[in-house]
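These notes concern the structure reproduced below.
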Amino acid sequence: MYNENMDSLISIEETGDLFSTVYSDEQGNIFEEPDLAALGRSWDEMWEIESGDMIPMPEGSTIVVLPGRRSLGLEYGRGEALSISTYEEVSGK
């Protein structure tokens, strides 16, 4: 869980089969960050996304970029959520 201003997280434990974080750049290119576990979020709660949380993408669905939004991923081993702002900053590519 994280604090009220959502700037930092309190310990999140790694459990089960986790998915990698995926995110996009401003051009709509989609990237995977295998060093960060995907996080789900609902208002003031965050959790690691596990296989039971996922469904196949429905036919006709599209993936869209939400401008001004930040992707978060859980750093394996540390239980800390990190914000992804650009592909270069996270992966050094």
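We did not get these values from a lab; they are worked out from the coordinates using the rules stated. What you see is a predicted model, and the numbers here were worked out from it, not measured in a lab. All Cβ positions, even for glycine, are placed from backbone atoms using ideal geometry, and neighbour counts span all protein chains on display.
Residue order for VAL64, VAL22, fewest other beta carbons within 10 angstrom first, comes to VAL64, VAL22. Amide H to amide H, with H built 1.01 Å from N, MET46 comes under 5 Å of TYR2, counting only residues 5 or more places away or on other chains. Distances between placed amide hydrogens fall under 5 Å for SER71 paired with ILE84, all partners being 5 or more residues away or on another chain. The mean sequence distance of close C-alpha pairs (under 8 Å, at least 6 residues apart), as a share of the length of the range 12-71, puts its relative contact order at 32 percent. Using alpha carbons only, the radius of gyration of the range 13-85 set against its Kirkwood radius gives Rg/Rh = 0.96.
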